[in-house]
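All remarks here apply to the structure that follows.
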Amino acid sequence: MAELSEAINSMYEWYSKAAVCFAYLYDVDPGAGAKSFGEAEWFSRGWTLQELIGPTSMDFYDQN
């Protein structure tokens, strides 16, 4: 159990040093509007707490 805790803390430390997280939404068509954005496969992916709270900013990019 100590190894798991150490791994989680190490991952958080690594992510917390990130200034920005880039999300490439390959399946979002910019002409389709907000509905396409919300249906991107990216949002159904599993995320870890470290990934979500580590970076201070998040940038999303569509297929273009």
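Test of understanding: among 10, 57, 36, 16, which residue is touching a strand residue (DSSP E or B) at 6+ places or on another chain (Cβ under 8 Å), among the polar types (S, T, N, Q) and free of Cβ contacts under 8 Å to residues at least 40 places away in the same chain?
Answer to the selection: 57.
Has the range 1-16 got any residue that is under 16 Å from the mean Cα position of the chain (by Cα) and surrounded by fewer than 11 Cβ atoms within 10 Å (Cβ to Cβ)?
There is no residue in the range 1-16 that is under 16 Å from the mean Cα position of the chain (by Cα) and surrounded by fewer than 11 Cβ atoms within 10 Å (Cβ to Cβ).
Name the residues in the range 1-47 that are over 16 Å from residue 57 (Cβ atoms), assigned to a helix (DSSP H, G or I) and of a type in the set (Ser, Thr, Tyr), would you?
Hits for the range 1-47 are 5, 10, 12, 36, 44.
Of the residues 57, 36, which single one is in contact with a Cys (Cβ under 8 Å, 6 or more places away or on another chain) and hydroxyl-bearing (Ser, Thr, Tyr)?
57
Can you tell me which residue within the range 53-64, out of those that are within 13 Å of residue 21 (Cα to Cα) and out of contact with any Phe, Trp or Tyr (no Cβ under 9 Å at 6 or more places or on another chain), is modelled with the highest pLDDT?
57
Considering only residues that are of a type in the set (A, V, I, L, M) and either at positive phi or surrounded by 12 or more Cβ atoms within 10 Å (Cβ to Cβ) (or both), which ones fall in the range 29-44?
Across the range 29-44, the qualifying residue is only 40.
The values are calculated or read from the model by the stated rules, or taken from the named source; none is laboratory data. Note that the structure is a prediction, hence the values are computed from the model and not measured. As a convention, Cβ positions derive from the backbone with ideal geometry for all residues, glycine included, and neighbour counts pool all protein chains shown.
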